[in-house]
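The values are calculated or read from the model by the stated rules, or taken from the named source; none is laboratory data. This one's a predicted model, so the numbers in the text were calculated from it and none came from an experiment. Cβ placement follows ideal geometry from the backbone for every residue including glycine, while neighbour counts extend to all protein chains displayed. For the accessible areas, the whole protein counts, side chains as well, though only heavy atoms, and no ligand, DNA or RNA atoms are used. Shrake-Rupley method; radii C 1.70, N 1.55, O 1.52, S 1.80 Å.
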There are 2 protein chains.
Amino acid sequence: MARSTTEPRWLDADQQRTWRTYLLGSARLNERLDADLRRFGLDLGEYEILVTLSESPERRVRMSELATAVHQSRSRLTHTVSRMEKAGLVDRQTCPTDRRGVWAHLTDQGFTLLETAAPQHVEAVRRHFVEAVCAEDYAALGRAFAAVIAATEAEPPPSD
Amino acid sequence: MARSTTEPRWLDADQQRTWRTYLLGSARLNERLDADLRRFGLDLGEYEILVTLSESPERRVRMSELATAVHQSRSRLTHTVSRMEKAGLVDRQTCPTDRRGVWAHLTDQGFTLLETAAPQHVEAVRRHFVEAVCAEDYAALGRAFAAVIAATEAEPPPSD
DNA sequence: TTCTTGTAGTTGAAGAATCAACCAATACCC
DNA sequence: GGGTATTGGTTGATTCTTCAACTACAAGAA
(Lines give C-alpha, C1' and ligand atoms only; values in the text may rest on other atoms or scores of the structure.)
Protein backbone atom coordinates (compact mmCIF):
# COMPACT_ATOMS: atom_id res chain seq x y z
CA MET A 1 0.00 0.00 0.00
CA ALA A 2 1.51 3.30 -1.06
CA ARG A 3 2.21 5.98 1.48
CA SER A 4 -0.23 8.84 1.25
CA THR A 5 0.95 11.65 -0.98
CA THR A 6 -1.69 14.15 0.12
CA GLU A 7 -0.60 17.49 1.50
CA PRO A 8 0.34 17.18 5.20
CA ARG A 9 -2.15 18.70 7.63
CA TRP A 10 0.08 21.19 9.41
CA LEU A 11 -0.91 22.55 12.78
CA ASP A 12 -2.57 25.95 12.73
CA ALA A 13 -0.95 28.85 14.59
CA ASP A 14 -2.85 28.28 17.84
CA GLN A 15 -2.30 24.56 17.87
CA GLN A 16 1.38 25.05 17.24
CA ARG A 17 1.74 27.71 19.90
CA THR A 18 0.15 25.42 22.46
CA TRP A 19 2.31 22.50 21.40
CA ARG A 20 5.47 24.54 21.79
CA THR A 21 4.33 25.97 25.08
CA TYR A 22 3.85 22.46 26.32
CA LEU A 23 7.31 21.42 25.14
CA LEU A 24 8.94 24.34 26.88
CA GLY A 25 6.78 24.19 29.99
CA SER A 26 7.23 20.50 30.61
CA ALA A 27 10.97 20.83 30.08
CA ARG A 28 11.13 23.67 32.58
CA LEU A 29 9.03 21.82 35.09
CA ASN A 30 11.23 18.76 34.93
CA GLU A 31 14.32 20.89 35.28
CA ARG A 32 13.00 22.57 38.39
CA LEU A 33 11.83 19.42 40.08
CA ASP A 34 15.06 17.64 39.30
CA ALA A 35 17.10 20.56 40.57
CA ASP A 36 15.05 20.52 43.71
CA LEU A 37 15.49 16.82 44.32
CA ARG A 38 19.18 17.00 43.66
CA ARG A 39 19.71 18.31 47.17
CA PHE A 40 18.87 14.78 48.24
CA GLY A 41 20.90 13.05 45.55
CA LEU A 42 17.75 12.01 43.72
CA ASP A 43 16.17 12.68 40.38
CA LEU A 44 12.47 12.49 39.60
CA GLY A 45 12.70 8.90 38.38
CA GLU A 46 14.36 7.72 41.55
CA TYR A 47 11.89 9.65 43.64
CA GLU A 48 9.01 7.94 41.89
CA ILE A 49 10.60 4.60 42.65
CA LEU A 50 10.82 5.44 46.34
CA VAL A 51 7.19 6.60 46.39
CA THR A 52 5.92 3.51 44.62
CA LEU A 53 7.78 1.20 46.96
CA SER A 54 6.71 3.12 50.05
CA GLU A 55 3.05 2.76 49.09
CA SER A 56 3.24 -0.97 48.44
CA PRO A 57 2.60 -3.83 50.87
CA GLU A 58 5.83 -4.83 52.62
CA ARG A 59 7.37 -1.88 50.80
CA ARG A 60 8.31 -4.11 47.93
CA VAL A 61 7.31 -4.47 44.30
CA ARG A 62 8.31 -6.84 41.54
CA MET A 63 10.80 -5.29 39.14
CA SER A 64 8.57 -5.49 36.11
CA GLU A 65 5.57 -4.01 37.94
CA LEU A 66 7.80 -1.27 39.21
CA ALA A 67 9.02 -0.58 35.71
CA THR A 68 5.43 -0.11 34.58
CA ALA A 69 4.53 2.02 37.58
CA VAL A 70 7.37 4.46 37.00
CA HIS A 71 7.23 4.22 33.20
CA GLN A 72 10.80 3.11 32.74
CA SER A 73 12.21 0.32 30.62
CA ARG A 74 13.08 -2.87 32.44
CA SER A 75 16.71 -2.43 31.58
CA ARG A 76 16.84 1.11 32.83
CA LEU A 77 15.15 0.09 36.03
CA THR A 78 17.68 -2.67 36.61
CA HIS A 79 20.51 -0.17 36.36
CA THR A 80 18.76 2.45 38.45
CA VAL A 81 17.85 0.00 41.18
CA SER A 82 21.43 -1.28 41.20
CA ARG A 83 22.66 2.24 41.82
CA MET A 84 20.07 2.82 44.50
CA GLU A 85 20.97 -0.48 46.09
CA LYS A 86 24.59 0.56 46.19
CA ALA A 87 23.44 3.76 47.88
CA GLY A 88 21.54 1.72 50.47
CA LEU A 89 18.09 3.00 49.51
CA VAL A 90 16.65 -0.30 48.32
CA ASP A 91 17.58 -3.94 48.34
CA ARG A 92 16.60 -6.93 46.25
CA GLN A 93 14.76 -10.00 47.46
CA THR A 94 14.16 -13.05 45.34
CA CYS A 95 10.53 -14.01 45.02
CA PRO A 96 9.91 -17.52 46.43
CA THR A 97 6.79 -18.30 44.41
CA ASP A 98 8.31 -17.37 41.07
CA ARG A 99 12.01 -17.81 41.16
CA ARG A 100 12.52 -15.65 38.10
CA GLY A 101 11.05 -12.76 40.01
CA VAL A 102 12.84 -10.12 42.03
CA TRP A 103 11.34 -7.77 44.55
CA ALA A 104 12.74 -4.32 44.85
CA HIS A 105 12.39 -3.47 48.53
CA LEU A 106 12.64 -0.10 50.21
CA THR A 107 15.15 -0.04 53.07
CA ASP A 108 14.68 1.98 56.24
CA GLN A 109 17.32 4.33 54.95
CA GLY A 110 15.43 4.75 51.71
CA PHE A 111 12.21 5.40 53.58
CA THR A 112 13.90 7.98 55.77
CA LEU A 113 15.29 9.75 52.74
CA LEU A 114 11.85 9.80 51.17
CA GLU A 115 10.37 11.26 54.35
CA THR A 116 13.00 13.95 54.27
CA ALA A 117 12.66 14.79 50.60
CA ALA A 118 8.90 14.52 50.17
CA PRO A 119 7.77 17.73 51.86
CA GLN A 120 10.10 19.88 49.82
CA HIS A 121 9.31 18.01 46.66
CA VAL A 122 5.57 18.36 47.14
CA GLU A 123 6.00 22.06 47.81
CA ALA A 124 7.91 22.37 44.56
CA VAL A 125 5.21 20.49 42.67
CA ARG A 126 2.66 22.88 44.14
CA ARG A 127 4.57 26.04 43.35
CA HIS A 128 5.56 25.12 39.83
CA PHE A 129 2.54 23.13 38.77
CA VAL A 130 -0.56 22.54 40.87
CA GLU A 131 -0.94 26.05 42.20
CA ALA A 132 0.64 27.80 39.25
CA VAL A 133 -2.41 26.81 37.23
CA CYS A 134 -6.02 27.77 37.90
CA ALA A 135 -8.20 24.95 39.16
CA GLU A 136 -10.27 24.60 35.98
CA ASP A 137 -7.22 24.41 33.76
CA TYR A 138 -5.61 21.96 36.13
CA ALA A 139 -8.61 19.67 35.92
CA ALA A 140 -8.65 20.04 32.14
CA LEU A 141 -5.00 19.11 32.05
CA GLY A 142 -5.77 15.90 33.89
CA ARG A 143 -8.45 15.01 31.35
CA ALA A 144 -6.11 15.94 28.53
CA PHE A 145 -3.32 13.63 29.59
CA ALA A 146 -5.74 10.84 30.36
CA ALA A 147 -6.80 11.19 26.73
CA VAL A 148 -3.18 11.18 25.61
CA ILE A 149 -2.60 7.96 27.52
CA ALA A 150 -5.65 6.43 25.90
CA ALA A 151 -4.46 7.56 22.47
CA THR A 152 -0.98 6.14 22.90
CA GLU A 153 -2.45 2.87 24.09
CA ALA A 154 -4.94 2.67 21.27
CA GLU A 155 -2.16 2.41 18.75
CA PRO A 156 0.73 -0.07 18.94
CA PRO A 157 4.21 1.46 18.96
CA PRO A 158 5.87 1.69 15.54
CA SER A 159 8.14 -1.27 15.00
CA ASP A 160 9.00 -1.33 11.27
CA MET B 1 16.59 31.05 59.70
CA ALA B 2 15.10 27.73 60.67
CA ARG B 3 13.40 25.56 58.08
CA SER B 4 9.66 25.45 58.58
CA THR B 5 8.54 22.60 60.76
CA THR B 6 4.84 22.88 59.92
CA GLU B 7 3.04 19.87 58.57
CA PRO B 8 3.62 19.51 54.81
CA ARG B 9 0.62 20.37 52.63
CA TRP B 10 0.20 17.08 50.77
CA LEU B 11 -1.73 16.99 47.54
CA ASP B 12 -5.33 15.84 47.83
CA ALA B 13 -6.46 12.75 45.97
CA ASP B 14 -7.59 14.62 42.86
CA GLN B 15 -4.51 16.77 42.64
CA GLN B 16 -2.32 13.76 43.03
CA ARG B 17 -4.20 11.75 40.43
CA THR B 18 -3.83 14.55 37.91
CA TRP B 19 -0.14 14.96 38.69
CA ARG B 20 0.50 11.27 38.15
CA THR B 21 -1.59 11.22 35.01
CA TYR B 22 0.55 14.03 33.69
CA LEU B 23 3.76 12.19 34.55
CA LEU B 24 2.61 9.06 32.79
CA GLY B 25 1.02 10.83 29.86
CA SER B 26 3.96 13.05 29.08
CA ALA B 27 6.33 10.10 29.34
CA ARG B 28 4.17 8.11 26.92
CA LEU B 29 3.88 10.99 24.52
CA ASN B 30 7.61 11.48 24.41
CA GLU B 31 8.15 7.79 23.91
CA ARG B 32 5.79 7.70 20.97
CA LEU B 33 7.14 10.76 19.26
CA ASP B 34 10.71 9.61 19.73
CA ALA B 35 9.88 6.17 18.41
CA ASP B 36 8.26 7.78 15.43
CA LEU B 37 11.22 10.03 14.67
CA ARG B 38 13.67 7.21 15.05
CA ARG B 39 12.80 6.03 11.56
CA PHE B 40 14.72 9.11 10.45
CA GLY B 41 17.54 8.74 12.92
CA LEU B 42 16.28 11.68 14.95
CA ASP B 43 14.97 12.27 18.41
CA LEU B 44 12.64 15.05 19.46
CA GLY B 45 15.49 17.31 20.55
CA GLU B 46 17.26 17.03 17.23
CA TYR B 47 14.01 17.55 15.38
CA GLU B 48 13.41 20.77 17.29
CA ILE B 49 16.87 21.95 16.31
CA LEU B 50 16.14 21.32 12.64
CA VAL B 51 12.82 23.16 12.90
CA THR B 52 14.32 26.15 14.66
CA LEU B 53 17.10 26.45 12.12
CA SER B 54 14.76 26.03 9.17
CA GLU B 55 12.59 28.91 10.39
CA SER B 56 15.49 31.30 10.89
CA PRO B 57 16.96 33.79 8.44
CA GLU B 58 19.77 32.18 6.43
CA ARG B 59 18.80 28.98 8.23
CA ARG B 60 21.28 29.73 10.96
CA VAL B 61 21.11 30.60 14.64
CA ARG B 62 23.72 31.41 17.26
CA MET B 63 24.45 28.47 19.52
CA SER B 64 23.27 30.14 22.69
CA GLU B 65 20.04 31.35 21.12
CA LEU B 66 19.47 27.90 19.76
CA ALA B 67 20.05 26.43 23.19
CA THR B 68 17.35 28.67 24.59
CA ALA B 69 14.97 27.96 21.72
CA VAL B 70 15.17 24.22 22.16
CA HIS B 71 15.52 24.38 25.96
CA GLN B 72 18.80 22.53 26.14
CA SER B 73 21.93 23.34 28.07
CA ARG B 74 24.74 24.95 26.11
CA SER B 75 26.93 21.96 26.74
CA ARG B 76 24.34 19.49 25.58
CA LEU B 77 23.72 21.52 22.46
CA THR B 78 27.42 21.58 21.63
CA HIS B 79 27.53 17.79 21.77
CA THR B 80 24.29 17.35 19.87
CA VAL B 81 25.27 19.77 17.13
CA SER B 82 28.64 18.03 16.82
CA ARG B 83 26.86 14.76 16.21
CA MET B 84 24.50 16.33 13.74
CA GLU B 85 27.40 17.99 12.00
CA LYS B 86 29.10 14.62 11.67
CA ALA B 87 25.86 13.34 10.15
CA GLY B 88 25.86 16.21 7.65
CA LEU B 89 22.63 17.81 8.89
CA VAL B 90 24.16 21.08 10.08
CA ASP B 91 27.46 22.88 9.90
CA ARG B 92 29.12 25.58 11.96
CA GLN B 93 30.00 29.06 10.81
CA THR B 94 31.95 31.51 12.88
CA CYS B 95 30.21 34.80 13.45
CA PRO B 96 32.23 37.73 11.98
CA THR B 97 30.78 40.47 14.21
CA ASP B 98 31.37 38.61 17.47
CA ARG B 99 34.24 36.27 17.13
CA ARG B 100 33.23 34.28 20.19
CA GLY B 101 30.00 33.42 18.45
CA VAL B 102 29.17 30.37 16.37
CA TRP B 103 26.26 29.94 14.02
CA ALA B 104 24.66 26.56 13.70
CA HIS B 105 23.55 26.36 10.09
CA LEU B 106 21.13 23.93 8.47
CA THR B 107 22.59 22.14 5.45
CA ASP B 108 20.57 21.20 2.40
CA GLN B 109 20.76 17.63 3.55
CA GLY B 110 19.40 18.63 6.94
CA PHE B 111 16.59 20.56 5.33
CA THR B 112 15.71 17.64 3.11
CA LEU B 113 15.60 15.32 6.08
CA LEU B 114 13.31 17.74 7.89
CA GLU B 115 11.01 17.91 4.88
CA THR B 116 10.85 14.15 4.85
CA ALA B 117 10.28 13.70 8.55
CA ALA B 118 7.95 16.60 9.25
CA PRO B 119 4.71 15.28 7.76
CA GLN B 120 4.89 12.03 9.70
CA HIS B 121 5.94 13.80 12.84
CA VAL B 122 3.10 16.28 12.65
CA GLU B 123 0.65 13.46 12.09
CA ALA B 124 2.00 11.75 15.19
CA VAL B 125 1.66 14.94 17.22
CA ARG B 126 -1.93 15.19 16.02
CA ARG B 127 -2.87 11.62 16.78
CA HIS B 128 -1.25 11.41 20.18
CA PHE B 129 -1.79 14.94 21.38
CA VAL B 130 -3.64 17.65 19.52
CA GLU B 131 -6.55 15.56 18.34
CA ALA B 132 -6.52 13.13 21.22
CA VAL B 133 -7.71 15.95 23.44
CA CYS B 134 -10.93 17.94 23.09
CA ALA B 135 -10.47 21.51 21.90
CA GLU B 136 -11.39 23.14 25.22
CA ASP B 137 -9.01 20.98 27.20
CA TYR B 138 -6.32 21.56 24.63
CA ALA B 139 -6.67 25.32 25.00
CA ALA B 140 -6.68 24.97 28.77
CA LEU B 141 -3.49 22.95 28.55
CA GLY B 142 -1.86 25.78 26.68
CA ARG B 143 -2.82 28.26 29.38
CA ALA B 144 -1.69 25.81 32.05
CA PHE B 145 1.80 25.41 30.69
CA ALA B 146 2.12 29.09 30.01
CA ALA B 147 1.42 29.52 33.73
CA VAL B 148 3.98 26.85 34.56
CA ILE B 149 6.57 28.70 32.52
CA ALA B 150 5.73 31.92 34.32
CA ALA B 151 5.98 30.16 37.68
CA THR B 152 9.35 28.62 36.94
CA GLU B 153 10.64 31.97 35.75
CA ALA B 154 9.28 33.82 38.76
CA GLU B 155 11.59 31.89 41.03
CA PRO B 156 15.33 31.50 40.53
CA PRO B 157 16.58 27.92 40.31
CA PRO B 158 17.80 26.45 43.58
CA SER B 159 21.54 26.81 43.90
CA ASP B 160 22.42 26.18 47.57
C1' DT C 1 8.20 -36.38 30.01
C1' DT C 2 10.40 -33.35 26.55
C1' DC C 3 9.93 -29.56 23.44
C1' DT C 4 8.61 -25.04 22.62
C1' DT C 5 7.26 -20.56 23.68
C1' DG C 6 6.85 -16.77 26.67
C1' DT C 7 8.10 -14.07 30.79
C1' DA C 8 11.44 -11.95 34.33
C1' DG C 9 15.37 -9.88 34.85
C1' DT C 10 20.32 -8.90 33.97
C1' DT C 11 24.48 -7.75 31.37
C1' DG C 12 27.88 -5.09 28.85
C1' DA C 13 28.87 -2.12 25.21
C1' DA C 14 27.72 1.96 22.87
C1' DG C 15 25.50 6.35 22.79
C1' DA C 16 23.88 10.47 25.07
C1' DA C 17 23.45 13.84 29.02
C1' DT C 18 25.54 16.25 32.83
C1' DC C 19 28.94 18.71 35.34
C1' DA C 20 32.88 21.31 36.32
C1' DA C 21 36.68 23.26 34.32
C1' DC C 22 38.34 25.69 30.83
C1' DC C 23 39.73 29.17 26.75
C1' DA C 24 38.72 33.14 24.12
C1' DA C 25 36.54 37.39 23.04
C1' DT C 26 33.80 41.21 24.53
C1' DA C 27 32.08 44.64 27.81
C1' DC C 28 32.52 47.38 31.69
C1' DC C 29 35.01 50.42 34.66
C1' DC C 30 38.64 53.25 36.63
C1' DG D 1 45.03 52.29 28.33
C1' DG D 2 44.83 48.21 31.79
C1' DG D 3 42.33 45.34 34.88
C1' DT D 4 38.20 42.68 35.92
C1' DA D 5 33.90 40.61 35.14
C1' DT D 6 30.72 38.51 31.67
C1' DT D 7 29.39 36.07 27.86
C1' DG D 8 29.88 32.37 24.23
C1' DG D 9 31.19 28.18 23.48
C1' DT D 10 33.89 23.82 23.95
C1' DT D 11 36.07 19.87 26.32
C1' DG D 12 36.59 15.55 28.69
C1' DA D 13 35.38 12.79 32.58
C1' DT D 14 31.60 10.88 34.80
C1' DT D 15 27.02 9.33 35.02
C1' DC D 16 22.94 7.69 32.93
C1' DT D 17 20.21 5.58 29.19
C1' DT D 18 19.54 2.55 25.40
C1' DC D 19 19.98 -1.46 22.78
C1' DA D 20 20.75 -6.07 21.65
C1' DA D 21 21.97 -10.24 23.52
C1' DC D 22 21.61 -13.51 27.03
C1' DT D 23 20.35 -16.63 31.32
C1' DA D 24 16.97 -18.64 34.03
C1' DC D 25 12.55 -20.05 35.13
C1' DA D 26 7.61 -21.02 34.05
C1' DA D 27 3.71 -22.62 31.36
C1' DG D 28 1.56 -25.11 27.91
C1' DA D 29 1.38 -28.60 24.27
C1' DA D 30 2.45 -33.13 22.31
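Output the residues of region A:30-61 meeting this criterion: accessible area (heavy atoms, 1.4 Å probe) in the chain alone minus accessible area with all protein chains in place is 50 Å² or greater.
Buried on complex formation: A:Arg32, A:Arg39.
Note the angle between two axes, namely the Cα long axis of helix A:74-86 and the longest principal axis of the Cα atoms of chain A, as a number of degrees from 0 to 90, rounded to the nearest 10.
40 degrees
State the residue of chain A whose Cβ is nearest the axis carrying A onto B, and the distance in whole angstrom.
A:Ala140, 2
Within chain A, what's the longest stretch lacking trypsin sites (Lys or Arg not before Pro) that sit in DSSP loops with no more than 16 other Cβ atoms inside 10 Å?
Here the longest segment lacking exposed loop sites spans A:10-98.
With every protein chain present, what is the per residue accessible area of region A:23-117 (1.4 Å probe, Å²)?
The answer is 52 Å² per residue.
Which of A:Ser73, A:Ala144, A:Gln16 sits farthest toward the positive end of the charge dipole of chain A, with +1 on the Cβ of Lys and Arg and -1 on the Cβ of Asp and Glu?
A:Ser73
Only Lys, Arg, Asp and Glu count, each charged at its Cβ (+1, +1, -1, -1), so figure out the dipole size of the protein assembly as shown about its Cα centre, rounded to 20 debye.
The calculated dipole for the protein assembly as shown is roughly 880 debye.
Using 7 Å Cα-to-Cβ label points, what is the A:Thr112/A:Arg39 separation (nm, one decimal)?
1.9 nm
How much of the accessible area of the protein assembly as shown, in percent, comes from carbon and sulfur atoms when a 1.4 Å probe is used?
Ligands and nucleic acids excluded, carbon and sulfur give 50 percent.
Using R₀ = 25 Å, calculate the FRET efficiency as 1/(1 + (r/R₀)^6) where r is the Cβ-Cβ separation of B:Ala87 and B:Gln120; round to 0.05.
It comes to 0.85.
Any idea what angle helix A:13-37 forms with the longest principal axis of chain A, computed on alpha-carbon atoms, 0 to 90 degrees, nearest 10?
Result, in degrees: 20.
Equivalent-ellipsoid semi-axes (√(5λ), Cα gyration tensor) for chain B, whole Å, largest first?
Calculated on Cα positions only, the semi-axes equal 34, 24, 13 Å.
List, shortest first and in nm to one decimal, how far the label point of A:Arg100 (7 Å from Cα along Cα→Cβ) is from its counterparts in the other copies.
Listed shortest first, these distances are 5.7 nm.
If B:Asp14, B:Asp43 are ordered by their accessible area, calculated over protein heavy atoms with a 1.4 Å probe, which sequence runs from highest to lowest?
Output order, biggest surface exposure first: B:Asp14, B:Asp43.
In whole percent, what relative contact order does region A:84-149 give with Cα contacts below 8 Å and a gap of six or more residues?
Taking the mean separation of contacting Cα pairs over the length of region A:84-149, I get 20 percent.
Quick one: angle between helix B:108-125 and the longest Cα principal axis of chain B, in degrees between 0 and 90, rounded to 10, please.
For helix B:108-125, the angle is close to 30 degrees.
Roughly how big is the A-B contact, given as buried accessible area in Å² (both sides, 1.4 Å probe, nearest 100)?
What A and B bury together is about 6100 Å².
Using the Cα centre of region B:27-117 as the reference point, and only Cβ charges (+1 on K/R, -1 on D/E), how large is the resulting charge dipole? Debye, rounded to the nearest 20.
Approximately 340 debye in magnitude.
In region A:87-125, what residues drop by 20 Å² or more in accessible surface going from the chain by itself to the full protein assembly, probe 1.4 Å?
SASA drop of 20 Å² or more in region A:87-125: A:Pro119, A:Gln120, A:Val122, A:Glu123, A:Val125.
Between B:Arg76 and the same site in the other copies, what are the distances in nm, shortest first, taking label points 7 Å from Cα along the C-beta direction?
1.3
If r is the Cβ-Cβ distance from B:Glu131 to B:His71 and R0 is 22 Å, what FRET efficiency results, to the nearest 0.05?
According to the calculation, E is roughly 0.35.
Mind listing P(r) for the protein assembly as shown? All alpha-carbon pairs, 20 Å bins, whole percents.
The percentages, shortest bin first, are 27, 56, 16, 0.
In whole percent, what relative contact order does region B:17-160 give with Cα contacts below 8 Å and a gap of six or more residues?
This gives 21 percent for region B:17-160.
Given only helices, namely DSSP H runs of n ≥ 4 each adding -39500 (n - 2.57), what is the per-residue ellipticity at 222 nm of the protein assembly as shown, to the nearest 500 deg cm²/dmol?
So the calculated ellipticity at 222 nm is -19500 deg cm²/dmol.
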